[in-house]
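Beneath this line is the structure, given in structure tokens, with notes to follow.
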Amino acid sequence: MSQGASVLLVCELVEEQVEWTLAQLCRSCGATEDLVVELVACGLLDPAGRDPPAWRFGGASLGLTRRALRLMDDLGVNAAGAAVAIELLDRIDQLERAPH
């Protein structure tokens, strides 16, 4: 394993252990609170907590939110469309990695 790959692995592990508030997640990825609420409603994000002020997002939520924003910008889809596209892309990736 190269040194660059080791650094990437460590960054991914640290990111998974991070918790974000709604405001922190929005600031970190440039999303509005309304958009993040939509992504939660679509099932793409699954925060802990009962309502938006109490929500805590895991580290993976940052990447998912950024992917959704890119899809929305690139393809012109809404939050629900981005959520479906991400789920399908992840499923394709799983199938491609599965032993044949």
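The values are calculated or read from the model by the stated rules, or taken from the named source; none is laboratory data. It should be emphasised that the depicted structure is a prediction, and the values quoted were computed from it without experimental measurement. Methodologically, a virtual Cβ is constructed for each residue, glycine included, from the backbone with ideal geometry; neighbour enumeration extends over all protein chains shown. We work out accessible area using only protein heavy atoms, side chains counted, and drop any ligands, DNA or RNA first. Shrake-Rupley method; radii C 1.70, N 1.55, O 1.52, S 1.80 Å.
One table, with the values for the structure above:
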read-out: Qualifying positions in the range 37-60 - farther than 11 Å from THR21 by Cα, in a helix (DSSP H, G or I) and modelled with pLDDT of 95 or more; value: VAL37, GLU38, LEU39, VAL40, ALA41
read-out: Test: residue in the range 2-17 that is at pLDDT 95 or above, of a type outside the set (Val, Ile, Thr) and within 14 Å of the chain's Cα centre (by Cα); value: no
read-out: The range 20-78 - residue that is in contact (Cβ under 8 Å) with a residue 40 or more places away in the chain and over 18 Å from LEU88 (Cα atoms) and, of those, nearest to the chain's Cα centre (by Cα); value: LEU62
read-out: Matching residues in the range 39-64 - criterion: being under 15 Å from GLU87 (Cβ atoms) and open to solvent by 70 Å² or more (accessible area, probe 1.4 Å); value: ALA41, ASP46
read-out: Subset tally (residues that are under 20 Å from ALA41 (Cα atoms) and either part of a helix (DSSP H, G or I) or open to solvent by 100 Å² or more (accessible area, probe 1.4 Å) (or both)) for the range 72-96; value: 14
read-out: Residue check for ARG67: open to solvent by less than 90 Å² (accessible area, probe 1.4 Å), part of a helix (DSSP H, G or I), modelled with pLDDT of 95 or more and charged (D, E, K, R); value: yes
